[in-house]
1. Any idea which of (1) more than 19 Å from the chain's Cα centre (by Cα); (2) buried (at least 16 other Cβ atoms within 10 Å of the Cβ) is the one residue 7 doesn't satisfy?
2. Please note which strands (runs of 3 or more DSSP E) are completely contained in the range 28-139 and include at least 1 residues that are touching a helix residue (DSSP H, G or I) at 6+ places or on another chain (Cβ under 8 Å), surrounded by 14 or more Cβ atoms within 10 Å (Cβ to Cβ) and in contact (Cβ under 8 Å) with a residue 60 or more places away in the chain.
């Protein structure tokens with residue numbers, strides 16, 4: 001029986017980007033979610049909709065259906081003096097609140113004595129996501 005909206009699904013997966021393993025729970029407990037409630041990436045949910053309990057499938061979610069294309073305009077150069085007391089290094093993820101109180105993240109991509117360049121794109125923006133998915137249970 002294929003998955004239907006509002007059913008509870010137990011799923012194991014492996015995620016790779018450019019053949020690099022990002023995360024996996026194949027050797028651990030499955031995740032549990034309600035299908036159709038937006039708890040998974042929409043592109044992934046669409047691709048598992050026709051799967052049945054006990055089925056394993058390898059599939060790709062293109063960047064545009066995952067975290068979007070990489071947007072070069074979502075970077076900003078900020079004076080290093082704004083980061084006083086912070087040990088800055090490339091790859092550091094910073095969190096801040098906008099004027100409305102919403103939390104956002106930025107990744108440090110360049111640091112010099114005068115400036116820090118941050119990137120507001122999701123870390124997997126522009127990447128196709130390759131999954132191995134196992135549907136353990138559909139309730």
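No value in this document is a laboratory result; all are computed from the given coordinates. Note that the structure is predicted; figures quoted are calculated from it, not measured. Note: ideal-geometry Cβ built from the backbone for every residue, glycine included; neighbour counts use all protein chains shown.
1. With (1) more than 19 Å from the chain's Cα centre (by Cα); (2) buried (at least 16 other Cβ atoms within 10 Å of the Cβ) applied to residue 7, the lone miss is (2).
2. On the way: elements: 31-34, 56-61, 75-79, 93-97, 103-111, 115-119, 129-138.
In the range 28-139, the matching strands (runs of 3 or more DSSP E) lie at 56-61, 129-138.
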